[in-house]
Structures are given as C-alpha cells and as structure tokens.
Amino acid sequence: MRSHPFGPTGVNVSVIGQGTWYLDRGDRKAAIAALRRGIELGMTHIDTAEMYGDAELVIADAIAGMRDGLFLVSKVLPSNASRKGTIAACERSLKRLKIDHLDCYLLHWRGASPLADTVAAFEELTRAGKIRSWGVSNFDADDLDELAGVAGEGKIACNQVLYHLKERAIEHAVIPWCERHKVAVVAYSPFGHDDFPSPKSKAGEALQRIADAHGATPRQVALAFLTRETTVLAIPKASSAEHAAENAGAGGLVLSESEIAALDTAFPRGPKPRSLPMI
C-alpha cells in the first residue's frame, strides 16, 4: 500500500482509505468485515462523519482493540460548527467511536458559523488532545484562501472533495491551491455516485484496456489515476470484504505517463465550473 503525506501533519497515510457514508444502511456484519479486511490490507485511513447516521457505531465495533496504527477522521455538521457546538459534536463522535482522540476533524461544508469560531474550537480540541489535526470538506479555492487568512499557514491538514473520473473540477484550482500550501486532498465518491463508466462506452473501453494490461480491475485503475499526485488520497466505500480487497489492490498500482495521458483524454476534465461540485 502506497502512502501519501497528510498535509502538514508529518504523518504518511494509506493512499487508499475507507469511506463510510451509508455504511450503516446495509448488513452490519458485512460492513464490519469489510472495514476489518481493509485494515488488514493496509487501508488504515478511515473516514466518517456525524452526518453518516450510525456509521461511527459500526466503525467502533470494527476497530475494537486495534486503535493503534489507524488514522481516523470524522466531521462536524455546519449547523453544529459554532465554537461550543464543534467541541460538543467532537465529544459525541469520540464517544460513538469509543476512542479518546481523532487523527483529523473536519468541517463538513461551509455554513453560517464564522470560520474563526470553528477554527478556535479546532485549536481548543487540539490543545486538549482530542484531535491531532483539523481540516475541511467541500471548500473551493477562495474558501481556502479565507480559511488560511483566519487560521494561518500550515494549519489546514486536508480538504475533502468530490473527485472521480467524470468529475475532475478540483484539478482547476483546488488541487493547485492545496499543492502550494501543502494541504492533503482527500477524494470522496471516487467511483462517482452510481455512475461508474460503463465498459461499453469508449471511455470505459480505454479504462478496461489499461486494467487488462496490469491484471487489475477498472476501479483499481480509476483509484490509481486519482491518486497519481502525492497530494491526493481517496476514500472509496466497500460494503463487503471482497470489495474492500479490490479497493486495496489499487494501493500498489502505478500508472505510466502514457496510461495517465490516455485516461486524461478519455475522461477530459472539462472547463472550470462556476462553483465547486459536491454531493
């Protein structure tokens, strides 16, 4: 499993992690087995959020007795992102996860609470040892500029954003901003939202050819493409141990320059959108 630096934290994190959105809505035993299989195969970066229903409770069962070596991330809802609200939300997440600290804590998206208040809460949680680092999700480059002005350089650990083969908007401004400021980019929904390229499409055929050349699957190639730069990590969700193993198989896959160019042509990033896409 390759690893990439997680922003300015000094920690290298598995390039392929595990997302948990909707994880609580299926078979609980299968979800726990998927998380554990992923951990066994090196996917030690596990992402969740208070918005994700009972996902934190499922994770707690999956990681019982194996907290060391994991990189655990959760998120506060914008509606809870006041100074007091952020601290209270973090405490709830820690209780649900049955752990004493998070490795990173994120603002899920920008809301009505002043960024200064949320940042103050993050810094208070850091001093208390409740979180090791903090970041954001769904922030565009101008939002990141404002946040850096509030927090100071070197404080933002990551920006978690929508990124998949058919949605490459973050390559225009967000990834360059994060590269300049040494902020990790975490790709959520890296297979799209029920919209993975069909093998019958021209783009899907290109993806399959590269997969065949590596003895890999198209999804593994997609993950390898998205994480081709050292700034970017991905957090696909798996609902079964077999799916988790497939995701983990992308962790050691490195594409050639010609393969990256072929995928760039097959899945063009398109023009810069007026606003950052998110789901």
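Looking at 109, 223, 262, which one has the Cα that reaches farthest to the positive end of the dipole of the chain (charges on Cβ: Lys, Arg +1; Asp, Glu -1)?
Going by the Cα projections, it comes out as 109.
Among 278, 126, 23, pick out the residue whose Cα is farthest towards the positive end of the charge dipole of the chain, where Lys and Arg carry +1 and Asp and Glu carry -1 on C-beta, about the Cα centre.
23
Using only DSSP helix segments of four residues or longer, with each worth -39500 (n - 2.57), what per-residue ellipticity at 222 nm results for the chain after dividing by its residue count and rounding to 500?
On the way: 10 runs with 109 residues, N = 279.
Only helices count here, giving -12000 deg cm²/dmol.
What number comes out for accessible area per residue over the chain if the probe is 1.4 Å? Units Å², please. Before the final figure, lay out the partial values.
Values: 12030 Å² over 279 residues.
Heavy-atom SASA per residue in the chain reads 43 Å².
With springs only between Cα atoms under 10 Å, which of 74, 93, 113 fluctuates most in a Gaussian network model of the chain?
It is 113.
Full extension from residue 279 to residue 57: what is 0.36 nm times the residue separation minus their Cα-Cα distance, to one decimal in nm? The partial results should precede the final answer.
Details: separation 222, 0.36 × 222 = 79.92 nm, distance 2.29 nm.
Taking 0.36 nm per residue and subtracting the Cα distance, the gain is 77.6 nm.
Only four residue types carry charge here, +1 at the Cβ of Lys and Arg and -1 at the Cβ of Asp and Glu. Report the dipole size of the stretch 175-256 about the Cα centre in Debye, rounded to the nearest 20. Walk me through the numbers on the way to the answer.
Working: 8 positive and 8 negative charges, 43 e Å.
Using only the charged Cβ atoms, the result is roughly 200 debye.
Using only Cα atoms, find the angle between the long axis of helix 257-266 and the longest principal axis of the chain, and express it within 0 to 90 degrees, rounded to the nearest 10.
That helix lies at roughly 90 degrees to the long axis.
Can you tell me the FRET efficiency between residue 40 and residue 213 if r is taken as the Cβ-Cβ distance and R0 is 25 Å, rounded to the nearest 0.05? List each step's numbers first, then the result.
Numbers: r = 27 Å, r/R0 = 1.10.
Calculated value: 0.35.
With an 8 Å cut-off on Cα pairs and a minimum separation of 6 or more residues, tell me the relative contact order of the stretch 173-256 in percent. Intermediate results must be reported in sequence, preceding the final value.
Details: 86 pairs, mean separation 28.4, N = 84.
Answer for the stretch 173-256 is 34 percent.
Work out the length of the dipole vector of the stretch 119-231 about its Cα centre, built from +1 on the beta-carbon of each Lys and Arg and -1 on the beta-carbon of each Asp and Glu, and round it to the nearest 20 debye. The partial results should precede the final answer.
Working: 13 positive and 16 negative charges, 104 e Å.
The dipole magnitude comes to about 500 debye.
Hey, what do the phi angles of the stretch 16-22 turn into as Karplus ³J(HN,Hα) couplings, whole Hz, using 6.51/-1.76/1.60 and θ = phi - 60°, x for Gly and Pro?
Residue by residue, the stretch 16-22 yields 10, x, 10, x, 9, 5, 6 Hz.
Given contacts defined as C-alpha pairs under 8 Å and at least six residues apart, what's the relative contact order of the chain, whole-number percent?
After rounding, I find 23 percent.
Using only protein heavy atoms and a 1.4 Å probe, report how much of residue 20 is accessible, in Å² to the nearest 10.
So the heavy atoms of residue 20 present about 0 Å² to solvent.
How do the peptides 194-206, 232-244 rank, highest first, by the average count of neighbouring beta carbon atoms within 10 Å per residue? Walk me through the numbers before you get to the answer.
Working: 194-206: 13.7, 232-244: 21.5.
For the peptides 194-206, 232-244, the packing ranking is 232-244, 194-206.
Mind checking the dipole of the chain: about its Cα centre, +1 per Lys or Arg Cβ, -1 per Asp or Glu Cβ, Debye to the nearest 20?
Working: 32 positive and 34 negative charges, 68 e Å.
The calculated dipole for the chain is roughly 320 debye.
Can you work out the FRET efficiency for the pair residue 77 and residue 269, with r the C-beta to C-beta distance and R0 = 35 Å, to the nearest 0.05? Walk me through the numbers on the way to the answer.
Working: r = 30 Å, r/R0 = 0.86.
Efficiency at R0 = 35 Å is approximately 0.70.
Would you work out the relative contact order for the stretch 85-167, in percent, from Cα pairs under 8 angstrom that are 6 or more residues apart? Intermediate values should be presented prior to the final figure.
Values: 89 pairs, mean separation 25.1, N = 83.
Relative CO of the stretch 85-167 lands at 30 percent.
How far apart, in nm, are the 7 Å Cα→Cβ label points at residue 260 and residue 193?
2.9
In degrees between 0 and 90, to the nearest 10, how far off the longest principal axis of the chain does helix 141-151 point, with axes built from Cα atoms?
Helix 141-151 and the main axis of the chain meet at about 30 degrees.
Given points 7 Å out from each Cα along the Cα-Cβ axis, report the residue 12 to residue 240 separation in nanometres with one decimal.
Going by the 7 Å Cα→Cβ label model, 3.3 nm.
What does the extension gain come out to for residue 1 and residue 28, with contour length at 0.36 nm per residue minus their alpha carbon separation? Walk me through the intermediate numbers first.
Numbers: separation 27, 0.36 × 27 = 9.72 nm, distance 2.62 nm.
Working it through step by step, the gained length comes to 7.1 nm.
Pick from 52, 163, 188 the residue whose mean-square fluctuation is largest in a GNM of the chain, springs joining Cα atoms under 10 Å.
Most flexible of the set in this elastic network: 52.
On a 0 to 90° scale, report how tilted helix 115-127 is relative to the longest principal axis of the chain, with both axes built from alpha carbons and the result rounded to the nearest 10.
80
The values are calculated or read from the model by the stated rules, or taken from the named source; none is laboratory data. Quick caveat, the model's predicted, so the values are computed rather than measured. Methodologically, a virtual Cβ is constructed for each residue, glycine included, from the backbone with ideal geometry; neighbour enumeration extends over all protein chains shown. With ligands, DNA and RNA removed, areas are computed over all heavy atoms of the protein, side chains included. Shrake-Rupley method; radii C 1.70, N 1.55, O 1.52, S 1.80 Å.
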